[in-house]
1. Write down, largest first, the equivalent ellipsoid semi-axes of the chain in whole Å, where each equals the square root of 5 times an eigenvalue of the alpha-carbon gyration tensor.
2. How far is helix 79-88 tilted, in degrees, relative to the longest principal axis of the Cα atoms in the chain, given as a value from 0 to 90 rounded to the nearest 10?
3. Mind giving me the nanometre distance, one decimal, between the label points for residue 87 and residue 215, set 7 Å out from Cα along Cα→Cβ?
4. What shape does segment 50-160 take by its C-alpha gyration tensor, where a ≥ b ≥ c are the square roots of the eigenvalues and a/c under 1.5 counts as rounded, a/b above b/c as prolate, and the rest as oblate?
5. Just from its helices, what would the mean residue ellipticity at 222 nm be for the chain, if runs of 4 or more DSSP H residues each count -39500 (n - 2.57) and the sum is divided by every residue, rounded to the nearest 500 deg cm²/dmol?
6. Which percent of the Cα-Cα distances in segment 298-356 go past 14 Å?
7. Compute the long axis of helix 108-121 from its Cα atoms, compare it with the longest principal axis of the Cα atoms of the chain, and write down the angle in degrees, 0 to 90, nearest 10.
8. Where the centroid of each part is defined by its Cα atoms, how far is segment 265-296 from segment 1-58 in Å?
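Only the coordinates and a few stated rules stand behind these numbers; no lab work does. Predicted model only: the values in this text are computed from it and were never measured. When we count neighbours, we look across all protein chains shown, and the Cβ atoms used for this are built from the backbone with ideal geometry, even at glycine.
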């Protein structure tokens, strides 16, 4: 019987351990925290967005980085099998808007307790507060043992590293596995926060702090510098989405913004800093012409009012002073004195409110980590290292990441299951 060590008792780690045990291995999980699934506990605002129920073929459009690498893992253990796993082990699930899957109870603790129950049933040993500091490799580049702070040297046949990335370090995601991998000569790509809010230069965001907007459209646009001929190059739209966003004291957040952050590249391939703007369309359901007619109707109803008192039908009250300021129209000006050009410029502002991106918030606020173990270092059919036999990786430690909506947890379940299964094979 093979003896397998799993480092990390999160989503990928627990699924890897269950899969390896089901395949006949003797499995030990090493977890530096005092309890399992600390990051699972806070996902989905404490409700745990387990997976996404859309067709598995649609996943690849939701994974900006590493989608091809995940083909075998996602098809081998897809979202229907994940749902079947939890349902068959007593955790009832439900599907909500956007095909997001949650436990019926709305408690992430039920997902964790289901996984722990299955681990016990399969005879998996969990060593809490026992941090792995090193993986021993023999002369033939094959795993032979793990070294941990409490247990010392534990001889094993295979190791599955599921230590996560760097996001939410309070849950234990502090890059331990990445450090060990680097010391073993395995390539690790640059890491950065992802699914994270943007910091914005304009101070009107502070005035709008706490304002949530639904059914708006956002474009994240990379600014291009002038070319040698002095001609201005066309900016590149890297993300175009529709949904809900939130203004904060530092900038913008919310589901739409978090997804946009997946497509933010701080530097280009030459190491030069990239610059971005966010372009917000407050009325995406209307064309410029339709919005102009709507505005004319609103103005006709308020002909003798001041501009500042004529916008209640268009915007939330908190947004009105900011829109007036950005428009450049005198707030005291009467509606019947507003020129056609001023009105059309106001339409353009509503359809294209621009914000200068200063950067992303840090790992403390990031849902996931971008970057990690380079996918070229891993066999996508097994999750095994190409350099070291018996060394496997699963979950967020790998350089793959997806949009919000349960896709990242599905990646953890799928890669964990594949790594566990393959590591247990004789």
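1. Values: eigenvalues 481, 105, 58 Å².
So the three semi-axes of the chain are 49, 23, 17 Å.
2. Taking the Cα atoms of the chain, the angle to 79-88 is about 60 degrees.
3. Distance between the two pseudo-spin positions: 3.3 nm.
4. Numbers: a/c = 2.77, a/b = 1.53, b/c = 1.81.
Cα axes put segment 50-160 in the oblate bin.
5. Values: 12 runs with 117 residues, N = 426.
Taking each H run of at least 4 residues, the total per residue is -8000 deg cm²/dmol.
6. Working: 910 of 1711 pairs.
For segment 298-356, the share of Cα pairs beyond 14 Å comes to 53 percent.
7. 10
8. Rounded to whole Å, the Cα centres lie 39 Å apart.
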